[in-house]
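Undergrad: Just dropping this structure here.
Every number here is computed from the coordinates shown, using simple stated rules; none is lab data. Here the structure is a predicted model, which means the values were calculated and not measured. Glycine also receives a Cβ, built like all others from the backbone with ideal geometry; neighbour counts cover every protein chain displayed.
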Amino acid sequence: MYVPRRLFASLLFSLLCIASSAQAGSIADYHRLFGSVDEALAAARQAHADVLSPENFARAMKYYDEAKHDFQQRRDRDDVRENIDRASQWLLKALDTTDIAAVAFTATLQARDNARSAEAPRHARAIWDDAEEALRDATHEVEKGDIRDARERAGEVTALYQQAELSAIKTNYLSGARRLIEEADDIGADKYAIKTFIDAELLLKDAERELTQNRYDTDYPRDLARRARNEAQHAITLAKLAIGVKKKDFAVEDIVLNYERPLEDIADALDIVPSLHQGFEPTRDAILARVETLEKDSQALAQLRLVNAEQAAEIARLSEKLGIYNEQLAAEERYRELLAKLENIFTAEEAEIFRQGKNMIIRMVGLNFRSGKAKLETEHMKLLAKVKYAIELSNTELTTIEGHTDSFGGDDSNQTLSEQRANAVVTYLKEDPKLAGANMVAVGYGETRPIANNESEAGREKNRRTDVVIKLDRARAQTRGKPSMPTELESPAS
């Protein structure tokens with residue numbers, strides 16, 4: 001049968017619209033049915049519920065997968081909802097168990113992460129499997145309600161993960177460094193790149209000694225072994241270049257120009273004109289300045305994205321509750337105003353200010369405790385005076401002071417040091433009569449929450465930090481006048 005072209009196009013357009021509407025309806029149905037359980041699942045995974053409450057989590061996933069299968073097969077929606085409800089209940093139970101288990105297994109999880117970073121599943125498979133089985137058995141005790149037995153077994157599990165990490169480091173890092181040093185020796189690096197070659201050998205010896213003498217602090221020896229491996233490879237590269245120059249395969253000028261080319265490429269990408277005729281320093285400094293600007297822009301953009309995402313979620317949830325929605329917008333405006341005020345209080349050398357969900361973070365980059373110490377010094381008082389003012393200005397009912405360390409040093413000693421530093425700040429702040437009754441909590445996280453790479457000095461310096469976390473959603477009633485900005489340097493606590 002002949003169908004006119006115009007009629008055919010109209011029919012095709014109608015079919016596409018129907019298909020598109022059906023797909024949109026299906027997506028909307030999915031979000032209505034699975035929205036809350038997907039949020040609970042994401043929270044459970046973030047809390048390591050799959051590790052700390054494996055049986056409860058597995059039961060939740062069983063019902064979750066059945067619900068998804070039924071939804072995709074267009075089965076009865078009541079069956080889908082029933083499985084979603086069961087999955088949600090088991091996820092909540094898993095999260096409750098995880099909250100309890102997390103206290104007993106904090107050090108264990110850190111040891112597990114360290115072992116995984118050292119590629120223990122690959123290089124120490126047998127010990128890793130033993131540790132994983134022991135962790136499942138121990139967390140099962142928590143699920144049964146036997147917290148005491150779980151606490152007792154946590155130390156054994158932690159030791160297994162540490163053993164797996166140590167074995168993996170010896171296999172992965174030390175063996176790799178040793179092999180490269182032998183290769184460097186074979187091509188004559190001890191003659192053509194003697195300084196770098198000797199550095200590699202010394203770093204390897206230091207790593208072996210540290211692993212032998214202090215098997216419970218693997219961060220430092222792992223860093224030494226990594227550097228030994230890098231220096232050995234560096235010696236190989238330098239030796240090959242020196243041999244090439246000696247054989248007149250290429251000139252020294254060729255080497256210099258070749259090494260300058262990446263710097264020129266980076267400068268070009270950042271719209272900077274390289275000035276290599278004056279040495280590499282001017283170009284390097286210009287690149288670093290541009291990177292610093294881009295980092296600040298990136299942080300500002302991230303905050304905007306976070307605010308936009310939160311507002312979009314509020315619009316979706318509260319579109320039918322205009323009064324509540326307006327209240328949320330007003331709160332968001334207050335948060336933005338507070339962020340702007342705090343940014344004007346502190347200099348870049350004193351603190352970084354940013355928002356994280358419903359928390360305002362004052363990262364006190366200018367508060368550097370002496371190595372291994374938790375005593376506040378006179379030089380810290382000006383910054384802490386501004387922190388007092390910021391807490392008053394925020395009008396919050398709850399402030400948390402978080403202490404953090406880098407990964408060098410024992411896990412237990414780092415945990416204790418971070419707690420002592422956080423307590424020192426809280427004690428000092430609460431000596432001010434205006435904050436004496438404030439709800440202020442000190443928390444130490446040791447080395448468990450790094451924000452930068454612990455394998456570089458700059459990264460470790462960033463990780464040795466003290467954060468002031470202001471709870472934005474815990475505003476108190478305004479009962480006094482506007483706080484005044486401190487003008488005098490305050491004395492240290494005795």
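Undergrad: What shape does the chain have by the C-alpha gyration tensor, where a ≥ b ≥ c are the square roots of the eigenvalues, rounded means a/c under 1.5, and otherwise prolate means a/b greater than b/c and oblate the rest?
TA: rounded
Undergrad: Please arrange Lys93, Lys386 by how many other C-beta atoms lie within 10 Å of their C-beta, fewest to most.
TA: Lys93, Lys386
Undergrad: So which of Lys195/Lys248; Lys144/Lys358; Lys358/Lys462; Lys170/Lys246; Lys170/Lys191 end up more than 26 Å apart, counting from Cα to Cα?
TA: From the list (Lys195/Lys248; Lys144/Lys358; Lys358/Lys462; Lys170/Lys246; Lys170/Lys191), the Cα-Cα distance tops 26 Å for Lys144/Lys358; Lys170/Lys246; Lys170/Lys191.
Undergrad: What residues have an amide H closer than 5 Å to that of Thr396, excluding those fewer than 5 places away on the same chain, when H is modeled at 1.01 Å from N in the peptide plane?
TA: Result for Thr396 returns Arg476.
Undergrad: Sticking with this one: Taking amide hydrogens as modeled 1.01 Å from N in the peptide plane, which residues meet the under 5 Å criterion relative to Ala442, leaving out close sequence neighbours?
TA: Ile401
Undergrad: Please identify the helices of the chain, taking whole runs of DSSP H, that span at least 18 Å along their own axis as judged from the Cα atoms and have a mean Kyte-Doolittle score of 0.0 or higher.
TA: Answer set is 5-46, 381-394.
Undergrad: Which residues does the label zone of Gln213 cover in region 407-426, counting backbone N under 18 Å from a point 7 Å along Cα→Cβ?
TA: Within reach of a label on Gln213: 408-411.
Undergrad: Treat the count of other C-beta atoms within 10 Å as a stand-in for reagent exposure and order Thr448, Thr237 from fewest to most.
TA: If I rank by nearby Cβ atoms, fewest first, I get Thr237, Thr448.
Undergrad: Could you give the dipole magnitude of region 120-250 about its Cα centre, charging the beta-carbon of Lys and Arg +1 and that of Asp and Glu -1, in debye to the nearest 20?
TA: Dipole about the Cα centre, nearest 20: 900 debye.
Undergrad: Would you mind ranking Glu281, Glu461 so that the residue whose beta carbon has the fewest other beta carbons within 10 Å leads the list?
TA: Glu281, Glu461
Undergrad: Find the centroid of the Cα atoms in region 173-202 and in region 337-374, then give the distance between the two in whole Å.
TA: 44
Undergrad: Okay, next question. What is the packing order of peptides 398-408, 143-153, taking the mean over residues of other C-beta atoms within 10 Å and listing the highest first?
TA: 398-408, 143-153
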